[in-house]
Amino acid sequence: MLRLLKVSVWAIALVAAHASAATTATVYKSPTCGCCDKYVEYLEKNGFTVKAINEDDMDTIKKRYGTARAASCHTMLVDGYVVEGHVPVRAIRKMLSEKPAIAGISAPGMPQNSPGMGEEVPGTLTIYAIPKGNAKLTVFSVE
């Protein structure tokens with residue numbers, strides 16, 4: 001019985017440590033974009049460790065990572081996925097937990113109801129899946 005208790009405590013500690021571990025991300029952004037800085041702050045407040053890289057040629061970044069067709073002002077790399085624009089953490093965490101066979105997700109443009117752009121309005125922001133290759137964008141979630 002004591003052995004079972006020790007194993008249970010160890011398992012709970014392991015799960016808690018994994019759940020609290022910060023997610024590391026790299027954000028490519030324009031050095032003059034204030035909303036990009038706000039988005040980085042939003043990510044950090046939500047448990048992400050962010051390496052922000054100022055980039056003068058964001059078009060090249062978007063072409064490199066396949067996000068030009070769903071472009072916004074910044075591009076993030078996280079756990080093998082690309083996240084384009086002001087995507088809420090809920091959608092990012094959903095993608096990371098479900099591990100879909102896509103290149104990433106996007107909130108195209110600069111929606112005013114998105115993190116870093118203004119007050120979030122739940123249920124009003126469509127997040128698109130960016131498929132690998134040239135397939136059409138599809139809806140990933142509504143946040």
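Are any of the residues in the stretch 98-108 modelled with pLDDT under 95 and either closer than 20 Å to ALA22 by Cα or more than 11 Å from the chain's Cα centre (by Cα) (or both)?
No, there is no match, as no residue in the stretch 98-108 is modelled with pLDDT under 95 and either closer than 20 Å to ALA22 by Cα or more than 11 Å from the chain's Cα centre (by Cα) (or both).
Applying the selection to the stretch 115-138, what residues are closer than 15 Å to GLY85 by Cα, in contact with a strand residue (DSSP E or B) (Cβ under 7 Å, 6 or more places away or on another chain) and not aliphatic (A, V, I, L, M)?
The answer is THR126, TYR128.
Scanning for something assigned to a strand (DSSP E or B), closer than 26 Å to GLY123 by Cβ, within 13 Å of the chain's Cα centre (by Cα) and modelled with pLDDT of 95 or more, does the stretch 49-69 turn up at least one residue?
no
When the stretch 121-138 is examined, which residues are found to be part of a loop (DSSP other than H, G, I, E, B) and surrounded by fewer than 18 Cβ atoms within 10 Å (Cβ to Cβ)?
Residues satisfying the conditions are VAL121, PRO122, GLY123, THR124, PRO131, LYS132, GLY133, ASN134, ALA135, LYS136, LEU137.
Hey, could you check the stretch 8-48 for residues that are modelled with pLDDT under 95 and of a type in the set (Val, Ile, Thr) and say which is nearest to VAL83 (Cα to Cα)?
Applying the filter and picking the extreme gives THR23.
PRO115 is checked against (1) modelled with pLDDT under 95; (2) surrounded by 19 or more Cβ atoms within 10 Å (Cβ to Cβ); (3) in a helix (DSSP H, G or I) and fails just one. What number does that condition carry?
(3)
Could you say which residue among TYR65, TYR39 is over 27 Å from ASN134 (Cβ atoms), hydroxyl-bearing (Ser, Thr, Tyr) and crowded, with 16+ Cβ neighbours inside 10 Å?
None of the other options fit; the residue is TYR39.
For the stretch 19-36, give me each residue that is over 17 Å from the mean Cα position of the chain (by Cα) and either of a type in the set (Val, Ile, Thr) or surrounded by 15 or more Cβ atoms within 10 Å (Cβ to Cβ) (or both).
Within the stretch 19-36, SER30, THR32, CYS33 meet the criteria.
Do you know which of the residues in the stretch 42-59 that are acidic (Asp, Glu) and within 12 Å of THR75 (Cβ to Cβ) is surrounded by the most Cβ atoms within 10 Å (Cβ to Cβ)?
So the residue we want is GLU55.
Give me the residue from the stretch 70-86 that is part of a loop (DSSP other than H, G, I, E, B) and touching a Cys at 6+ places or on another chain (Cβ under 9 Å) and, out of that set, surrounded by the fewest Cβ atoms within 10 Å (Cβ to Cβ).
Applying the filter and picking the extreme gives CYS73.
The values are calculated or read from the model by the stated rules, or taken from the named source; none is laboratory data. These numbers were taken from a predicted model, which means no experiment stands behind them. Cβ: placed from backbone, ideal geometry, glycine included. Neighbour counts: every protein chain shown.
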